[in-house]
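**Student:** Please read through the structure below; I'll follow up with questions.
The values are calculated or read from the model by the stated rules, or taken from the named source; none is laboratory data. Being a predicted model, the structure only gives us computed values, none of them experimental. All Cβ positions, glycine included, derive from the backbone under ideal geometry; neighbour counts span all protein chains shown.
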Amino acid sequence: MKSLEKLAAAFALLGGVCALAVAGMTLWSVIGRNLWASPLRGDVELSQIGIALAIALCLPWCQLQRGNIIVDFFTQAAPERVNGALDRFGALLLAVMLGLLAWRAGAGALAVDEAGEQTMILGLPMWWAYAILAPGLALTALIAVVQAVKK
């Protein structure tokens, strides 16, 4: 579990750097738009891809810290054992869902690459926008499996 924790922390740091880069790029684009009537070309495309990447990279750390929203209104009075079982079941469901998302992101990257799709303004290949999401989703799924089994 220690290696998963280190990997999740590294992913989260990369996600934070990515989010900061998007914020800096957005700031630069807004300043350029207002001062020189010249925004950064493709800023919306880059923001969409960058924030999606930042989120995918931060998901493993969030799951490791059990930072996802849990609605426990109906189970507050339940015994600890019942809540533990429900938490393990929820982690297992999350693992299945994110495992499927990681698989489909990878498969989507291959399909989009074959089709030769590109972004509208910058003409960047779209396949890598899908492919970069898969590692964060897969790591989150792995962490959720470990939590479902070890809790």
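Yes/no matrix, rows are residues, columns are (1) modelled with pLDDT under 95; (2) not aromatic (Phe, Trp, Tyr):
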| residue | (1), (2) |
| --- | --- |
| Ala9 | no, yes |
| Ala12 | no, yes |
| Gly16 | no, yes |
| Ala19 | no, yes |
| Arg33 | yes, yes |
| Trp36 | yes, no |
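**Student:** In the range 5-24, what residues are touching a helix residue (DSSP H, G or I) at 6+ places or on another chain (Cβ under 6 Å) and under 12 Å from Ile51 (Cα atoms)?
**Tutor:** Correct list: Leu14, Gly15, Cys18, Ala19, Val22.
**Student:** With under 30 Å from Val149 (Cβ atoms) and among the aliphatic types (A, V, I, L, M) as the only criterion, which of Ala111, Ala115, Ala56 stands out?
**Tutor:** Result: Ala56 is the single residue among Ala111, Ala115, Ala56 that is under 30 Å from Val149 (Cβ atoms) and among the aliphatic types (A, V, I, L, M).
**Student:** Looking at (1) under 17 Å from the mean Cα position of the chain (by Cα); (2) modelled with pLDDT of 95 or more; (3) under 30 Å from Met25 (Cβ atoms), which is the one condition that is false for Val96?
**Tutor:** So Val96 meets the others, but not (3).
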